[in-house]
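The values are calculated or read from the model by the stated rules, or taken from the named source; none is laboratory data. A quick note: this is a predicted structure, and the numbers were derived from the prediction, not measured. When we count neighbours, we look across all protein chains shown, and the Cβ atoms used for this are built from the backbone with ideal geometry, even at glycine.
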Amino acid sequence: MRKITFSEATLEAMREEMRRDDRIFIMGEDIVRQGGIFGQFKGLSEEFGIEKVLDTPITETAIIGAAIGASLAGMRPVADMHFADFMGVSMDEIFNQMAKIRYMFGGQTTVPMVIRAPDGLIRSAAAQHSQSIEAWFNNIPGIKVVTPSNPADAKGLLKAALRSDDPIIYFENKDLFRQIGEVPEDEEYLVPIGKAKIVKEGTDVTIVSYSIMMQKALEAAEILEAEGISVEVIDLITLSPFDEVTVIESVKKTNRLLIAHEAVKIGGLGGEVAAVVAEKALDYLDAPIMRVGAKFTPVPFSPTLEEAYRPKTKEIVDGIKSMFK
Amino acid sequence: MSKELYASFYETMFKIRTFEKRIEEFSMKGEIPGFVHLYIGEEAIAAGVCANLTKSDYIQSTHRGHGHTIAKGASVDKMMAELFGKRTGYCKGKGGSMHIADFSVGMLGANGIVGGGYTLATGAALAEKIKKTNNVSVVFFGDGASNRGTFHEALNMAAVWKLPIVFVCENNEWASTTPYLTTTSVKDIADRAVGYGIPGVIVDGNDVVKVYEESGKAIERARRGEGPSIVEMKTYRIKGHFVGDPEMYRTEEEVQKRFEANDPIKRFESKVISEGFLSENEIKKIQETVINEIDAAVQFAFDSPFPAEYELYEDLYVD
């Protein structure tokens with residue numbers, strides 16, 4: 001299969017879906033001239049025109065709000081946030097409007113829109129340009145939160161999001177944009193929303209992870225396999241509402257669970273996954289559930305501190321080994 | 001101006017007033033749950049503005065939204081049922097007074113967040129521009145809401161993209177329980193239009209004909225693709241911020257004086273009679289029809305069932 005970057009995979013998804021459905025349009029900061037910080041929008045304005053590919057004022061509130069309004073008027077907007085961190089600017093629009101409109105109006109309408117939100121650590125971008133904030137949205141009914149961990153899923157998941165009638169937040173890790181991988185050319189290649197994927201089967205312990213942390217989860221699995229521990233690795237893909245069945249079935253088989261994400265550990269998604277497993281499969285557990293995540297500080301600037309903040313493969317390996325002591 | 005148009009102004013205003021009076025009664029008795037904000041005294045604005053719109057045009061409303069909803073052509077049966085929290089209401093009992101909407105007539109929703117509607121209305125206007133229709137979007141907001149940051153973001157975006165939208169300010173002088181001048185940098189909200197390079201006009205919001213004409217000009221301008229305007233309607237909030245508001249911040253005399261001098265319905269009634277557009281008999285007939293309609297709506301609401309527990313999870317997600 002041909003190999004392309006994660007960024008190109010998302011661009012391909014946008015192109016194919018915009019050709020397929022003329023209700024899709026995209027707006028955000030620096031899309032037309034710059035083509036996106038990671039080149040993820042390059043050439044879109046040339047193909048679809050500046051009526052469908054819009055450079056907005058620097059107004060995240062109006063970008064999200066206008067996307068919601070346009071979706072109510074029959075369009076399928078994509079709102080780019082530049083950096084996930086900037087979603088704080090438009091939180092009212094996200095949690096009081098976008099998430100609630102369908103429900104509080106009794107199903108009279110749908111809100112088919114996608115927020116694209118580049119997140120995660122990248123080369124000392126520091127406290128306001130590096131965060132992984134997915135857990136905030138886990139607590140808000142009415143939104144679906146998804147995130148791919150590789151170029152193929154980046155394409156298939158974005159396409160599925162663009163076809164969904166629910167409002168979706170699509171987190172895309174900034175460090176993954178340059179990553180190269182095999183990506184299907186099939187225009188009907190979709191990654192289903194709401195389903196987790198067992199990326200590697202195993203029998204002794206389950207690692208639940210997502211986004212860029214999947215790489216460390218798989219790395220840890222390889223190290224542990226060499227030491228005789230069989231590891232099952234699940235990529236959640238949809239973070240809210242997450243696929244409880246796949247996680248619970250896996251834990252029933254392996255009897256051990258570790259959740260790993262790049263976001264801050266405290267109050268992170270790991271806590272929710274752990275709670276669900278504790279509620280529904282406690283009797284199957286042979287060891288305490290463990291979590292690996294970033295330290296509880298803002299993201300620091302200096303490379304040495306950023307590295308200290310970052311969750312590591314070794315923490316996953318050590319955590320799992322401790323379960324077998 | 002035709003007799004029919006005048007009759008429809010009267011009917012809409014009287015319908016809003018009658019609806020609100022019944023709502024006040026049931027809310028005071030506790031039969032309508034939740035917060036209720038009444039539009040009494042401001043009826044001319046919704047009636048006059050919406051008379052310029054078709055069902056394909058959009059409005060975004062506020063927490064004080066019953067008047068806009070009625071004027072846009074929504075059914076009072078389904079509104080009443082919604083306010084009572086019944087399954088037959090517009091939102092199946094999930095929204096209530098602050099979240100009433102009728103998408104079938106372009107009423108995109110009341111909003112419990114002050115200043116929450118601007119950006120949504122701007123997006124609806126953007127959609128119509130992309131689709132190349134002649135439809136327009138109107139957002140209603142209060143004097144208090146004009147201090148929100150969303151006001152600035154939406155107006156700048158609408159102005160720079162010349163979107164088909166009109167910003168209708170209902171300046172009722174009260175931002176909840178605070179006199180607006182104590183928290184607002186300008187006396188006339190329309191002055192703020194200068195900052196966006198767009199027209200800003202001031203209108204007597206209790207004169208339904210003036211409201212109709214002036215908002216009509218802004219709406220037609222938007223339809224022609226010439227961009228947004230701010231139309232500021234000067235009015236006065238007759239009732240408290242919400243039903244049950246003890247109104248410690250003003251005297252009853254002050255309110256009564258303002259209402260008696262400037263009740264938009266009374267003013268219009270004497271105008272149409274003295275100018276010979278409608279007879280007292282014709283007015284009485286309109287009143288009777290409206291009262292029957294509202295009575296029937298109340299009956300419909302009372303007769304309707306509450307939603308069942310299993311409906312809690314319905315309409316959360318599509319897929």
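A few comments on the model shown:
- The residues on offer are B:Leu38, B:Leu83, and the sole one that is away from chain A (no Cβ under 12 Å), closer than 21 Å to B:Pro305 by Cα, modelled with pLDDT of 95 or more and surrounded by 24 or more Cβ atoms within 10 Å (Cβ to Cβ) is B:Leu83.
- Subset of segment A:86-122 that is free of Cβ contacts under 8 Å to residues at least 24 places away in the same chain and more than 16 Å from A:Glu134 (Cα to Cα) - its residue that is surrounded by the most Cβ atoms within 10 Å (Cβ to Cβ): A:Phe105
- Restricting segment A:23-44 to residues that are touching a Lys or Arg at 6+ places or on another chain (Cβ under 8 Å) and within 14 Å of another protein chain (Cβ to nearest Cβ) leaves a set whose member that is farthest from A:Glu187 (Cα to Cα) is A:Gly28.
- Matching strands (runs of 3 or more DSSP E) fully within segment A:238-325 where at least 3 residues are touching a Gly at 6+ places or on another chain (Cβ under 9 Å) and on the phi < 0 side of the Ramachandran plot: A:257-264, A:290-294
Residue by residue, here is whether (1) of a type in the set (S, T, N, Q); (2) closer than 15 Å to A:Thr238 by Cβ; (3) crowded, with 19+ Cβ neighbours inside 10 Å holds:
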| site | (1), (2), (3) |
| --- | --- |
| A:Ser149 | yes, yes, yes |
| A:Ala160 | no, yes, yes |
| A:Asp165 | no, no, no |
| A:Val205 | no, no, yes |
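- Selected residue [farther than 26 Å from B:Phe103 by Cα, at pLDDT 95 or above and at the interface with another protein chain (Cβ under 9 Å from one of its Cβ atoms)] from B:Val194, B:Val160, B:Val201, B:Val186: B:Val160
- Flag for B:Phe140 being aromatic (Phe, Trp, Tyr), crowded, with 24+ Cβ neighbours inside 10 Å and at pLDDT 95 or above: yes
- A:Ser130 falls short on exactly one of the conditions (1) within 19 Å of A:Phe38 (Cβ to Cβ); (2) outside the structural domain of A:Met14 (by TED's automatic domain parsing), and that condition is (2).
- Residues in segment B:137-164 that are of a type in the set (A, V, I, L, M, F, W, C) and under 16 Å from the mean Cα position of the chain (by Cα): B:Val138, B:Val139, B:Phe140, B:Phe141, B:Ala145.
Residue-by-condition table, conditions (1) in contact with a Ser or Thr (Cβ under 8 Å, 6 or more places away or on another chain); (2) within 14 Å of chain B (Cβ to nearest Cβ); (3) within 23 Å of B:Met107 (Cβ to Cβ):
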{"position": "A:Glu60", "(1), (2), (3)": "yes, yes, no"}
{"position": "A:Gly69", "(1), (2), (3)": "yes, yes, yes"}
{"position": "A:Gly74", "(1), (2), (3)": "no, yes, yes"}
{"position": "A:Glu93", "(1), (2), (3)": "yes, yes, yes"}
{"position": "A:Pro112", "(1), (2), (3)": "yes, yes, yes"}
{"position": "A:Asp119", "(1), (2), (3)": "yes, no, no"}
{"position": "A:Ala127", "(1), (2), (3)": "no, no, no"}
{"position": "A:Asn138", "(1), (2), (3)": "yes, no, no"}
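- Subset of segment A:160-185 [more than 14 Å from chain B (Cβ to nearest Cβ) and not in a loop (DSSP other than H, G, I, E, B)]: A:Tyr170, A:Phe171, A:Glu172, A:Asn173, A:Lys174, A:Asp175, A:Leu176, A:Ile180, A:Gly181, A:Glu182
- Considering segment A:76-91, the residues that are of a type in the set (D, E, K, R) and closer than 22 Å to B:Leu126 by Cα include one that is nearest to the other protein chains (Cβ to nearest Cβ), namely A:Arg76.
- Residue count for segment A:123-136, restricted to those that are surrounded by fewer than 23 Cβ atoms within 10 Å (Cβ to Cβ) and either among the basic types (Lys, Arg) or touching a strand residue (DSSP E or B) at 6+ places or on another chain (Cβ under 8 Å) (or both): 3
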